[in-house]
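The values are calculated or read from the model by the stated rules, or taken from the named source; none is laboratory data. Quick caveat, the model's predicted, so the values are computed rather than measured. No Cβ is skipped: glycine too gets one built from the backbone with ideal geometry, and neighbour counts run over all protein chains shown. Calculation scope for accessible area: heavy atoms of the full protein, side chains included, ligands and nucleic acids excluded. Shrake-Rupley method; radii C 1.70, N 1.55, O 1.52, S 1.80 Å.
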Amino acid sequence: MQLLCGSYHLGIVTNGTASWQYNKIEALGYDVFFPKESIFISEQIGVEKPHPLIYQSALDYFSVEPHETLFVGDNWRNDVAGPAELGMKAIWLNETERPVPADGLAYGVIKELPELLRLLATNHLERKES
């Protein structure tokens, strides 16, 4: 995660209650990588993934366009199909190796998060401006 922080804008888009999600993020130790303003929680936004507004809130915060964004998640509907409909590149974290839908929506499929670094290195995605 540390390697990504220096090169990319990082955020979290998640469904649930704010208190539960903030506590979970802190317990995982992710709060050092994701300041609260870069965490978009359905309870605070007013809609749940896969509603476009929750993704758009993150895009607006980071001042980026959908085609400049890589969305990573483990739920096909919420983390691949939803972001892809807005024009984001979506990576499916498929830890249980479920069959990949043939709809062509996924920009990539990984089994473990460390694979993301290799994918980023080989796909030349744009880095944040200093």
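Below is a table of values for the structure above.
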{"read-out": "Pairs where the first residue, in segment 15-43, is farther than 18 Å from ASP74 by Cβ and in contact (Cβ under 8 Å) with a residue 12 or more places away in the chain and the second is assigned to a helix (DSSP H, G or I) and among the basic types (Lys, Arg), C-beta under 8 Å, 6+ apart", "value": "TYR22/LYS36"}
{"read-out": "Complete set of residues in segment 1-30 that are of a type in the set (A, V, I, L, M, F, W, C) and surrounded by 12 or more Cβ atoms within 10 Å (Cβ to Cβ)", "value": "MET1, LEU4, CYS5, LEU10, ILE12, VAL13, ALA18, TRP20, ILE25"}
{"read-out": "Given (1) within 25 Å of ARG118 (Cβ to Cβ); (2) of a type in the set (Val, Ile, Thr); (3) open to solvent by less than 40 Å² (accessible area, probe 1.4 Å), index of the condition ILE39 fails", "value": "(1)"}
{"read-out": "Inter-residue pairs, beta-carbon under 7 Å, first among the small types (Gly, Ala, Ser) and in segment 90-101, second part of a strand (DSSP E or B), 6+ apart", "value": "ALA90/PHE71"}
{"read-out": "Residue match in segment 62-85 (condition: at pLDDT 95 or above, over 24 Å from ASN123 (Cα atoms) and open to solvent by 40 Å² or more (accessible area, probe 1.4 Å))", "value": "no"}
{"read-out": "Residue within segment 33-52 that is more than 13 Å from the chain's Cα centre (by Cα) and among the aliphatic types (A, V, I, L, M) present", "value": "yes"}
